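Please treat every number below as a calculation from the coordinates, not as lab data. Remember, predicted model here, so these are calculated numbers, not experimental data. Every residue, glycine among them, receives a Cβ derived from its backbone with ideal geometry; neighbour counts consider all protein chains shown.
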Amino acid sequence: MPKDIKYFEGVGRRKTAVARVRIYPFSTDSMKMKVNDKDADKFFPVSKMLAAAFAPLSVFGEKSRPEVTVSVKGGGINGQSEAITLGLARAMVKFNPDFRTTLKGLGYLRRDERMVERKKFGLRKARRSPQWKKR
């Protein structure tokens, strides 16, 4: 692993959310997690979503977690947390390819491609037809 690389980056997507995750393994501020320049605890008010977003870090162990910064845009809070999960897992694989089998087995490297279906003309929503009226 070359020392001239400052960080490893991974991109995760879910619904309309896009997360760019950077891992700084050689940083002195270990275990620091920032999302959009806020502490991760402040960004995710629900602890369940915070735990889901940074779940791939459990592969590192409790003591040797690196500094992580995230830039996330679009979607809702749930889509953003799932996008962070995928981006973090991809960045960890770039950092250490040995993590791939573990992360893949836990399902963190799987892209959930479900998106909102587009609205069609002549319909009220994607599939909902207009209300029928007799007179």
*With contacts defined as alpha carbon pairs under 8 Å and 6 or more residues apart, what's the relative contact order of the stretch 9-83 in percent?*
50 percent
*Considering only DSSP beta bridges whose two residues both sit in the chain, what percent are antiparallel, to the nearest 5?*
85 percent
*Please build a GNM for the chain, connecting alpha carbons under 10 Å apart, and tell me which residue among 117, 67, 82 fluctuates the most.*
117
*Rounded to whole Hz, the Karplus (6.51, -1.76, 1.60) HN-Hα couplings of the stretch 74-83, x for glycine and proline*: x, x, x, 5, 6, x, 5, 5, 6, 5
*Output the pairs from 63/104; 15/42; 94/125; 42/119 with a Cα-Cα distance over 31 Å in this structure; if there are none, say none.*
94/125; 42/119
*Kindly state, as a whole number, the per residue volume in cubic angstrom of the convex hull around the alpha carbon atoms of the stretch 84-135.*
95 Å³
_From phi via Karplus (6.51, -1.76, 1.60), per-residue ³J(HN,Hα) for the stretch 86-95 in Hz, x at Gly/Pro_ = 5, x, 5, 5, 5, 5, 5, 5, 5, 5
*Computed Rg/Rh of the stretch 8-106, alpha carbon atoms with Kirkwood Rh*: 0.93
_Packing-based exposure ordering (other Cβ within 10 Å, fewest first) of 47, 58_ = 47, 58
*Which whole-number percent is the relative contact order of the chain (Cα, under 8 Å, 6+ apart)?*
32 percent
